[in-house]
Structures are given as structure tokens and as C-alpha cells.
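Heads up: the structure comes next, in C-alpha cells.
The values are calculated or read from the model by the stated rules, or taken from the named source; none is laboratory data. None of the values given here were measured: they were computed from a predicted structure. For neighbour counting, all protein chains shown are included, and Cβ atoms are generated from backbone atoms with ideal geometry for every residue, glycine included.
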Amino acid sequence: MKRRDFLKVGSASVASTVFGSVGLLSWAPRAYAQTITKTFYITEGYQTLITGEDVYFRGFSDANGMVNVPGESLIVQEGDTIEITVVNTLSTTHSFVIDGLVDSGPIASNQTKTITFEASKAGTYLYYDKMNAPYNRLVGLHGGFAVMPSGLSNQLYPGSPTFVQQYFWIFNDIDPVWHNAISNNQTPKTAYEPRYFTINGLGARPPGAPGSHDPNIDAMVDTRTALHGQIGDRTLVRILNPGLASQSVHTHGNHMEWLTENGNIRPDIWKKDCIYLDGDMGSLDVIYPFEVPPDSYPPATTGTYPMHLHTEMSQTAGGGFYMFGALTDIYFE
Amino acid sequence: MGMRNRNGGGGGGGGGGTSGACYVYPDSPATPGIVTPDVTFDRGIYMNGSMTMDDGNSVRIWGFTDGSGGGGMGGNSFPSPAIRVTAGQIVHSRLNVQGMMWVHTMHHHGIEPADHADGVGHITWDVDGVYTYQWRPMHPGSYFYHCHTNTVLHAEMGMYGALIVDPPEGPGTLLSGGPTYDVEAFWVVDEIDSSWHNLRWDAGTCGADAGLNTLNPDYFIITGVDGSGTSAMNREPISATVQVGQKLLGRYICAGYHPQKINFGGLTGKVYISDGRPLPNPIEVTELRACSAERYDIIFEPTEPGEYIISTDIIHWITGEVLGTAKTNVIVTA
């Protein structure tokens with residue numbers, strides 16, 4: 001199939017609209033369980049990256065006619081019934097899986113399948129396509145899924161430290177050679193060598209770069225990604241890694257309170273400025289506390305700081321372009 | 001493609017330092033809110049250093065000099081000269097970047113100052129003259145400072161040094177009211193891909209493929225010394241000699257990019273601090289895994305005389321393959 005037959009990948013603009021509707025930034029607890037419905041269209045397309053290279057992706061998309069990488073993040077409440085309808089528009093077989101919660105089994109080409117499951121356990125999850133692992137997941141078939149504890153608006157798990165807002169940071173790494181093989185329904189045969197690194201589907205665009213400060217393009221300002229807060233606005237960040245590279249998640253300005261690792265609650269909460277994020281489906285939950293940066297003098301209450309991966313290879317795009325990789329900014333307002 | 005600076009101008013940057021570079025932000029303004037410091041560290045830049053490996057090969061190293069001359073007044077030590085301060089002090093790090101040294105910054109990693117003291121180019125500026133970073137460390141522990149301009153390359157080239165924050169009691173005490181130590185060792189473990197070490201300071205910044213997405217290290221070093229053989233053995237303060245009954249503090253800094261696993265060769269230690277923050281409950285360890293730029297402060301109270309090999313595996317960030325190992329030793333005497 002020729003490139004022009006494909007859809008262009010879009011990401012941030014759609015998702016940020018959805019965030020408003022699901023209340024990502026201000027979760028409101030309910031006294032009752034609810035049935036949450038969502039339809040995903042498995043679609044494919046090409047995205048033009050900063051180097052000008054067109055790279056193939058597949059996504060769990062909001063409509064047939066767009067490609068969302070990652071898919072829209074969903075936040076539900078413990079006890080809710082979730083009905084996911086997956087419309088597979090592609091010629092290949094796919095699936096919808098949340099480890100520990102649901103596995104759709106194979107969804108054949110041009111089939112639609114509705115799966116129903118209970119959000120039985122609070123936590124941070126990746127939904128993804130487990131078929132042809134890890135390839136379908138790597139080329140974009142993944143997204144964030146969060147289950148809030150029943151009736152709680154400000155805790156990750158009952159008794160956890162509290163927060164007032166929450167975000168997802170979903171990291172991925174991209175080897176265009178692999179993506180190209182997968183677009184041709186072939187199994188990649190080359191050694192994996194990622195050349196692009198994304199957070200919530202985007203690389204950063206430093207000041208002066210094309211697309212800098214465009215929230216649809218620039219991970220430094222993408223509303224799903226960049227943290228905004230005033231002093232005291234404790235912020236939960238749900239960190240997921242569908243990519244294959246392990247990473248060091250590093251925040252400036254404040255240390256992170258490290259709550260979970262790969263779905264497990266840590267025995268003690270450590271305050272860390274770098275945290276090991278496992279490759280191949282690792283996850284973390286952290287709280288960025290938005291405290292006065294402790295070593296500032298005179299004490300600073302406003303300012304801008306980066307979050308970047310300290311595995312610095314991930315800060316590049318196409319072998320150069322430092323600062324066009326997986327990083328964002330944190331705004332003390 | 002792209003533009004040379006935040007103003008979109010096409011000029012080569014002031015001070016003659018940035019011709020041909022992209023997405024650097026040269027400036028050296030006055031320090032906001034500057035006061036008289038308790039202590040000042042002057043740092044210049046060297047870009048003509050070298051390190052000789054055990055196989056006889058020499059690898060180019062860049063770093064910070066000690067002294068205001070900027071051109072090697074303090075010699076080209078690697079790692080760069082340590083910064084050691086006391087919690088609560090107001091500190092000035094005065095960076096002097098001469099024109100021939102292009103642009104650089106000092107980021108005091110783990111220290112959380114005002115953003116204009118954080119040394120991140122895209123948020124503030126890349127220093128093209130003299131700039132003073134003002135900060136007041138509040139939490140004892142091990143940190144390090146490094147350049148944050150084209151960081152992927154500059155930190156790999158060696159532009160880092162230890163940064164130690166002591167409690168008011170001074171060296172010998174790890175935390176006020178907490179553990180003390182008699183001997184200190186510095187395990188700053190890093191990997192070097194020598195193919196990166198002939199690149200220009202601005203390699204890749206305008207989008208050329210400089211291979212910076214792939215780090216294939218061929219040397220594995222500890223605190224500036226080739227750690228693959230015996231060079232870092234019996235070489236204090238990388239190695240240490242302690243008597244039974246004494247306490248050894250190991251300051252472990254993962255200064256590379258790939259993950260690491262450090263093994264204490266049969267010794268059991270207790271981690272009191274990580275990343276400059278005390279653990280709520282110290283943990284006993286015989287080995288630790290670490291990701292890039294993590295730090296662990298570990299106290300050992302050896303009970304058996306002997307030689308203990310402290311070995312750190314450098315592990316590929318994707319494949320998990322052990323790429324190499326850097327070693328030093330601890331001698332415990334009766």
C-alpha cells in the first residue's frame with residue numbers, strides 16, 4: 001500500500017479534548033459504580049517526525065480516520081463496569097489487553113468486538129495489543145488506563161499520599177526499520193536500534209524549533225504531558241513504558257515521591273530525583289509535590305524546570321537533535 | 001534546519017562561541033537575587049583533556065577546571081574537581097566559559113535551586129561568558145554536577161564532578177543525628193563510547209545524525225580510572241582500606257547512561273541516603289541496581305579481614321546484556 005493511502009497520525013489535540021470530558025485533571029469520585037463505554041478504532045498511518053522521516057504507526061484511535069498514539073487515556077473508578085468496543089479496520093489480527101483485568105483474545109481483520117470487564121483493582125495500567133508481541137504494541141497500539149480507588153479523589157490507593165491532579169507519561173522508543181517491517185506484516189529481523197523517543201506520542205521541540213510551543217507537536221507544552229501547578233499542587237504522574245528501552249526518569253525542581261514500581265506498592269516511599277523505569281512494560285507511580293524548590297535562594301515559588309530521561313540517548317531524534325526526544329517541562333506558576 | 005537561538009536569529013551567537021550550532025541559548029546575565037555567598041567555587045572549561053586506558057589508547061575528555069582562568073588553571077582533572085559544601089551554606093558556582101570553549105552550563109544534579117541556577121539551556125541560557133549559579137543545599141548526601149548543554153554528548157565526554165553536601169557536623173557524619181563514618185570511597189561508575197569522543201561540541205544539534213541515539217561503550221571506568229583490570233584497585237579514594245570496627249562510607253554515583261548493577265563482593269552495606277534524601281528505613285544490601293544519575297550512600301561495617309572486590313556491571317539499556325565491568329577493592333584489616 002502506498003503512503004498516500006494512509007491516514008496521518010494525530011495525537012495531542014484529540015486527546016486533550018477528551019481529557020476535559022473525563023476530568024483527568026480533577027477526578028470526581030462517585031458513590032456508585034457506573035458503566036463506562038468506549039469505542040476504539042484500530043487504524044494505521046504515517047507520522048512525519050522532526051527529521052522529515054515518515055514513520056508508520058498503528059493506534060487505538062477515537063475514530064476511523066485518525067491515528068492516536070498513544071490511545072486516549074481513560075480514568076475509571078474501582079467497581080465500574082467497562083465496555084470497550086474495538087473496531088479493527090486493518091487487515092491484520094489484533095487484541096485489547098489490560099494485564100490483570102481483561103484480554104479480548106484475537107480480533108480478526110474488519111471485525112468488531114465488545115468486551116466487558118470490571119475495574120476490580122485500583123492502579124495504573126497499560127492497555128495494549130498483545131498479538132504479535134511486542135511489535136503491535138511498539139508501533140503504537142497502547143494507551144493508559146487508571147482505576148481510582150472507590151470513592152477517593154486524591155489517593156492512588158487507600159492510605160497513599162494525596163494529590164490534587166494526575167497525569168500520564170507514556171514513554172516509547174521507535175526504530176523506523178522495525179516499524180517499516182511491521183507495516184509490511186513482516187517480523188523485524190534487524191537488531192533493535194531506536195532512533196526516536198516519545199512521551200505521550202510526542203518528542204520535544206526546544207525554543208526556536210519548528211513547532212515549538214505548539215501543544216499538538218511539542219511535548220514540552222502538550223497539555224497531557226507538561227505539569228502545571230502552584231506551590232502545594234501535589235501531582236500524581238502515572239508512568240508507563242510500552243517501549244523496549246529501560247529509562248531513568250529524572251525531574252528537576254523537586255524530587256518525586258516514589259509510590260509504586262511495576263504495579264507493586266513500594267514498602268517505603270523514597271524521595272528520588274532519578275527512578276529506574278524498566279523497559280518492556282515497566283511502570284511507576286510518583287507524586288511530584290510542587291514544593292518550593294528546596295535549594296533555591298532566595299526561595300523560588302515560580303519557575304520552569306525540565307523532566308527528562310537521564311538515559312540521554314533518549315533525548316535525541318534521528319541520532320542528533322538533542323532535546324527533541326522524550327522530555328517535557330514543569331511549570332511552577 | 002531550525003534556528004540558531006530562541007530569537008530565531010541567524011547569527012553565530014555572541015562571543016564567537018556558537019557558529020553553526022542550533023538550539024543553544026547563549027547568555028551570561030547577572031544573577032537574580034545575588035547575595036554574598038558563604039563559599040564560592042570557580043569553574044572553567046577544558047576540552048583538550050585525555051584519559052589513557054589500560055590498553056594504551058587515549059580518549060579525549062572534556063571537563064571543568066578549578067580556577068577562574070577558564071583555560072586549565074587548575075589542570076584537567078577527570079572527574080572534574082569535586083564541590084564539597086555544608087548544608088545551609090549559600091553557595092556560588094561561578095562558571096567562566098571563554099570564547100574558544102563554546103557554551104556550557106553547570107547543572108548541580110539533585111540540587112533543586114531557582115530555575116536560573118539550574119543550568120538548563122533551553123529554559124534559561126547556555127553560558128558564553130561568566131555566570132554565577134546561586135544555591136543553598138539543604139539535604140546532605142552525594143550529588144554530582146554536570147554540563148547540561150547538548151547534554152547527551154557533553155556529559156558523556158566527561159563534563160562532571162562529584163558534589164558532596166555534608167551536614168553541619170562536617171565530613172565524618174552522614175546525617176545530623178545519624179550515622180558516622182571513618183573512611184570514604186567514591187564509586188563514580190561510567191561507560192565510554194570512544195567513537196563519540198571525536199565529535200564537535202555541537203554535534204547533532206542541527207539535526208545531523210551523529211549516532212547519539214546509540215551508546216556502544218568500549219571502556220568502563222570508575223572515578224576517572226579504567227575499571228576493567230586492576231588500575232582502580234588499591235587506589236584511594238576509589239578503593240579503601242578499613243580496619244575491623246571502622247565504618248566505610250561508599251558514595252556510589254551512576255554517572256553513565258546505561259543501567260548498572262554494583263556488587264559489594266561479599267560485604268553487606270546499609271543504604272541511608274539515595275539521591276540526597278534519607279530513606280525512611282535504611283535497607284541492607286549486598287548489591288544494588290541503578291539507573292543513570294542515581295546515587296546511593298552506603299555504610300559498611302566489615303567484620304572479617306580480607307579483600308573485597310566492588311564490581312559494577314554496565315548493562316545495555318535494551319538488551320540487558322552485560323557490556324562490561326568496572327572494579328575496585330576494599331581492604332579490611334584486623
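The conditions of being surrounded by 19 or more Cβ atoms within 10 Å (Cβ to Cβ), modelled with pLDDT of 95 or more and not in a loop (DSSP other than H, G, I, E, B) are not met by residue A:265. Listed here are the strands (runs of 3 or more DSSP E) enclosed by the stretch B:282-334 that have at least 3 residues being among the aliphatic types (A, V, I, L, M): B:306-315, B:322-333.
Do we have residue B:282 as more than 23 Å from the chain's Cα centre (by Cα) and either crowded, with 20+ Cβ neighbours inside 10 Å or modelled with pLDDT under 95 (or both) here?
No; evaluated as a whole, the condition is false for this residue.
Pairing residues of the stretch B:116-144 that are closer than 27 Å to residue A:207 by Cα and surrounded by fewer than 24 Cβ atoms within 10 Å (Cβ to Cβ) with residues that are modelled with pLDDT of 95 or more and basic (Lys, Arg), at Cβ distances under 9 Å and at least 6 apart in sequence or on separate chains, gives B:130/B:94; B:132/B:94.
Check the stretch A:58-73 and report whether any residue there is closer than 21 Å to residue A:316 by Cβ, modelled with pLDDT of 95 or more and charged (D, E, K, R). Within the stretch A:58-73, not a single residue is closer than 21 Å to residue A:316 by Cβ, modelled with pLDDT of 95 or more and charged (D, E, K, R). Are there any strands (runs of 3 or more DSSP E) wholly within the stretch B:118-219 with 3 or more residues that are touching a strand residue (DSSP E or B) at 6+ places or on another chain (Cβ under 8 Å) and farther than 25 Å from residue B:317 by Cβ, and if so which? Correct list: B:130-135, B:160-166, B:183-192.
Taking (1) surrounded by fewer than 17 Cβ atoms within 10 Å (Cβ to Cβ); (2) modelled with pLDDT under 95 in turn, residue A:39 satisfies each apart from (2). For the stretch A:215-228, residues that are outside any loop (DSSP other than H, G, I, E, B) and either surrounded by fewer than 19 Cβ atoms within 10 Å (Cβ to Cβ) or assigned by TED's automatic domain parsing to the domain that holds residue A:68 (or both) total 1.
For the criterion of being surrounded by 24 or more Cβ atoms within 10 Å (Cβ to Cβ), touching a residue at least 12 places away in the same chain (Cβ under 8 Å), in the same structural domain as residue A:305 (by TED's automatic domain parsing) and among the aliphatic types (A, V, I, L, M), residue A:199 passes. The condition (being at negative phi, within 14 Å of chain A (Cβ to nearest Cβ) and among the aliphatic types (A, V, I, L, M)) is satisfied by just one residue among B:244, B:271: B:271.
Per-residue answers, yes or no, for (1) in contact with a Pro (Cβ under 9 Å, 6 or more places away or on another chain); (2) of a type outside the set (A, V, I, L, M); (3) within 27 Å of residue B:189 (Cβ to Cβ); (4) crowded, with 21+ Cβ neighbours inside 10 Å:
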| site | (1), (2), (3), (4) |
| --- | --- |
| B:31 | no, yes, no, no |
| B:34 | no, no, no, no |
| B:37 | no, yes, no, no |
| B:56 | no, yes, yes, no |
| B:66 | yes, yes, yes, no |
| B:85 | yes, no, yes, yes |
| B:89 | yes, yes, no, no |
| B:94 | no, yes, no, no |
| B:105 | no, yes, yes, yes |
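Scanning the stretch A:272-307 for residues that are at the interface with chain B (Cβ under 8 Å from one of its Cβ atoms) and part of a strand (DSSP E or B) yields A:272, A:274, A:275, A:276, A:277, A:303, A:304, A:305, A:306.
Among the residues of the stretch A:308-333, just one is free of Cβ contacts under 8 Å to residues at least 12 places away in the same chain and part of a loop (DSSP other than H, G, I, E, B), namely A:322.
The conditions are (1) more than 10 Å from every other protein chain (Cβ to nearest Cβ); (2) in contact with a Pro (Cβ under 6 Å, 6 or more places away or on another chain); (3) buried (at least 19 other Cβ atoms within 10 Å of the Cβ), and residue B:291 fails exactly one of them. Which is it? The one condition residue B:291 does not meet is (1).
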